[in-house]
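The structure appears below as structure tokens.
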Amino acid sequence: MSSSQAPNAQPGLGRRLILLLALACGIAVANVYFPQAVSPLIAKGLHVSPGSAALVVTAAQLGYAAGIFLLVPLGDRLRHRKLIVTLLALTCVGLLVAGAANSLALLVGASAMVGLTTVAPQIIIPMAAGLTAPERRGAVTGTLLSGLIGGILLARTFSGTLGQWLGWRAPYLIAAGLVALLAVILAFALPDTTPATKDRYPVLLGQAWRLLRSEPQLRRSAFYQATVFAGFSAAWTALALLVTGPVYHLGAPAVGIIALVGAGSMFCTPLAGRRIDRNGPDAVNLICMIGAVAAAALLLVGSLGGAIGLIGLGAGMLLLDVAMQSGQVANQARIFALNPAARSRLNTAYMTCSFLGGSVGSWVGVRAYSAFGWNGVCGLIAICAGLALVRHLLRHTALAPVAPAAPEPEPVAASR
């Protein structure tokens, strides 16, 4: 069904619409990440331990993983405009409930609902890939992911500052207003696309996992992202505890300032996309994995405290953000080329694995910080990135002996 999308390709290629979709990705995904900066404020406001308040972050990420698995496949089955607007409306409801919650249990439940429904970016990105010529797909994906990154990182600045001034509820309520406005705009701006399949919903769910079993490139991309994203999530979850704890004695806005520095990574993903269009995703993956390991070493400086420690934290988080997000561009460029008619289902399997990794990383990161301090978190980041790097290097080592002979070019190409 890529042919069924051809008549709608021209509206999807407009620069103005691409930028609007990038903004939409950022606003939507921010709802999963901004609780990381206000987690200490939630702990104080609801009179619970910091570890218990971190469940809000974990619930949002687990909900997001569930939403990717349960809802993103509908991007191949339903018209994108109606699906995306409906999901945004449900996200708005979840944010309002979270902002009014008077107990941790209700807040955790509302956070899970927000995570479940705020998967619009994972529907928008495959949609845009289907409306873009193959030779520009990496660049367009990179642009959309730059908006996604801006939302992820600036959300922490937004919530940390608002939370310090107006309390932890304010970010939820203001986010609800922004999502409602976005839903209205997209109801008029999104192109009228044609569904790629008429398969029933249970079939769609099963196909996502069958693709994961049958496509080695999908499994490889999912492993890369799940491991690196686990370290990334551990770092950001523990960072709020470090900065607001006895080493620095700073408030929640300090986390937002560090995130603002990290927002520089949003300018790197379009560059990564263009590099992928020229040279393929594997070279970018390798650079990103090495960068993530280097970031873990640089973040060790954060345990020193003071100005030097803050500089190390800012530089290390920036490098980690660039590595994780540029690797995301490479991985999604690889999987979107596998089957044009199943991009949402491919993205479902890929992103579900990614956010399961992120959820585990958030949970383990808090425990690593409690048991071993910030250095333990840095070690966890290095281990996660190292697993991806070893997997990547072993793959190329295994392929090296058979590459020169190339008796059957097609199977070799399929294994990449």
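No lab work stands behind these numbers, since they all come straight from the coordinates. Note that the coordinates shown come from a computational prediction; the quantities given were computed from them, not determined experimentally. Don't worry about glycine lacking a Cβ; one is built from the backbone with ideal geometry, like all the others, and counts go over all protein chains shown.
Computed quantities for the displayed model
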{"read-out": "Taking the chain and dividing mean pair separation by its residue count, relative contact order in percent (alpha carbons under 8 Å, at least six apart)", "value": "25 percent"}
{"read-out": "Ranked list, fewest to most other Cβ atoms within 10 Å of each Cβ, for Cys268, Cys92", "value": "Cys268, Cys92"}
{"read-out": "Kyte-Doolittle mean at least -1.0 and Cα axial length at least 24 Å: DSSP H helices in the chain", "value": "15-33, 50-70, 80-100, 137-166, 169-189, 216-244, 281-299, 306-336, 343-399"}
{"read-out": "Within-12-Å neighbourhood charge of Gly163 [Cβ basis; K, R +1; D, E -1]", "value": "+3"}
{"read-out": "Cα→Cβ-extended label distance, 7 Å offset, between Leu106 and Lys44, nm", "value": "2.2 nm"}
{"read-out": "Cut-off 11 Å between beta-carbons: net charge of the residues surrounding Gly273, Lys and Arg +1, Asp and Glu -1", "value": "+4"}
{"read-out": "Label-point separation in nm, Leu19 to Arg274, each point 7 Å along Cα→Cβ", "value": "1.7 nm"}
{"read-out": "Total formal charge among the other residues, if their Cβ is under 15 angstrom from that of Gly142, Lys/Arg +1 and Asp/Glu -1", "value": "+4"}
{"read-out": "Cα gyration tensor shape of segment 7-398, rounded if a/c is under 1.5, else prolate or oblate by comparing a/b with b/c", "value": "oblate"}
